[in-house]
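The values are calculated or read from the model by the stated rules, or taken from the named source; none is laboratory data. This is a predicted model, so every value here is computed, not measured. So basically every Cβ, Gly included, is an ideal-geometry build from the backbone, and we count neighbours across all protein chains shown. Remember, those area values only see protein heavy atoms, side chains included, never the ligands or the DNA or RNA. Shrake-Rupley method; radii C 1.70, N 1.55, O 1.52, S 1.80 Å.
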Amino acid sequence: MPQLAGGGYTAQVSPRGAALRTLRHGGRDLITSWPADGPVPYFAGTILAPWPNRVGGARYAFGGESHELPVTEPERGHALHGLVADVDWQVVELLSVEDEHAFVRLAHTITPTPGYPFTLRLQVVHRLDSHGLTTTVTARNAGERPAPYGCGPHPWLVGGDELHLPASKVLLTGPALLPESLADVAATPYDFREARPLDGTVLDHAFTGLSAGEARVGGVRVTWDPAVLPWVQVCTGRQLDYEGVAVEPMTCPPDAFNSGTDLVVLKPGDEHEASWTISAV
């Protein structure tokens, strides 16, 4: 399991789901971890692709065809968090410059599978330096037909109970956690444009209308380009009896395979790249 160190940070990356298993700064944990031999709880640290969040009913239409995915969230009947969070990626490159920076490159190819008859070559680079841990996901359509695509990460931050999220819109959901309406955060309990304690607030919501691509949970910050990742899912662990707050920058909202909202369509040969950074405050 690759170990990274540099800029005052240390990290460990697992081939399972290309996951960030540990991240520490000055001996302080910034994310939740899990045993080296698994299991991985609540997708902690994994890469979500070729869709983040849910495909409602595990069904969608694309290119004039109907597709049915395996149901991976049986309690709600959805397909959850893509196809690569629980597979072993190949470590193809590892470089470490002592006390300065380090990176690891992993690769995985999605081949045509029930519900997703497309071929994508994925690459993930985790780079550690004085700015924190930056992850870059690149997807290339290696097939002969356009493919729907989305991505994001699933880190659980453990910096504290205060949340700052400069988002003006929140996606409200129904009991099945599928989108119902987009609301101004000012009209909801979910306005964190000014940092404030969560104070028992339960979140499992997607936000957009970002004035900046950043979120802070106590002493941990995630930053990203909101032009590439215009959505972010925030999930509190308290309703799951789990530590931390998940902050998941996303290219698209939940159920984008059905709504088409901000869905990336990769034509044959097209590439898409997205990055985010986790750092100590």
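If I compute solvent accessible area with a 1.4 Å probe over the protein chains, what percent of it on segment 216-281 is carbon and sulfur? Intermediate values should be presented prior to the final figure.
Values: 1080 of 2430 Å².
Within segment 216-281, the accessible surface is 45 percent carbon and sulfur.
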In deg cm²/dmol, rounded to 500, what helix-only [θ] at 222 nm does the chain give when every DSSP H run of at least 4 residues adds -39500 (n - 2.57) and the total is split over its residues? 0 deg cm²/dmol
What is the magnitude of the charge dipole of segment 8-125 about its Cα centre, with +1 placed on the Cβ of each Lys and Arg, -1 on the Cβ of each Asp and Glu, and no other charges, expressed in debye to the nearest 20? 220
The summed charge of the Val40 Cβ neighbourhood (under 14 Å; Lys/Arg +1, Asp/Glu -1) stands at -1
Per residue, accessible area of the chain with a 1.4 Å probe, heavy atoms of protein chains only, in Å², comes to 41
Under 5 Å between amide H atoms, partner at least 5 residues away or on a different chain: which partners does Asp262 have, H built in plane at 1.01 Å? none
Euclidean distance between Cα centres, segment 4-61 to segment 194-230, Å: 18
For segment 31-147, give the percent of accessible area contributed by carbon and sulfur heavy atoms, probe 1.4 Å, rounded to a whole number. 49
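By per-residue mean of other Cβ atoms within 10 Å, what is the highest-first order of 125-137, 190-202?
Put in order of decreasing packing, that is 125-137, 190-202.
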Considering the chain as a Gaussian network with a 10 Å cut-off on Cα pairs, which listed residue, Gly260, Gly209, Gly174, attains the greatest mean-square fluctuation? Gly174
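Ranked highest first by the average count of other Cβ atoms within 10 Å around their residues, in what order do 59-66, 43-50 fall?
Details: 59-66: 13.2, 43-50: 25.1.
Output ranking for 59-66, 43-50: 43-50, 59-66.
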Evaluate the distance, in nm, between pseudo-label points positioned 7 Å from the Cα of Thr113 and of Asp225 along their respective Cα→Cβ axes. 2.8
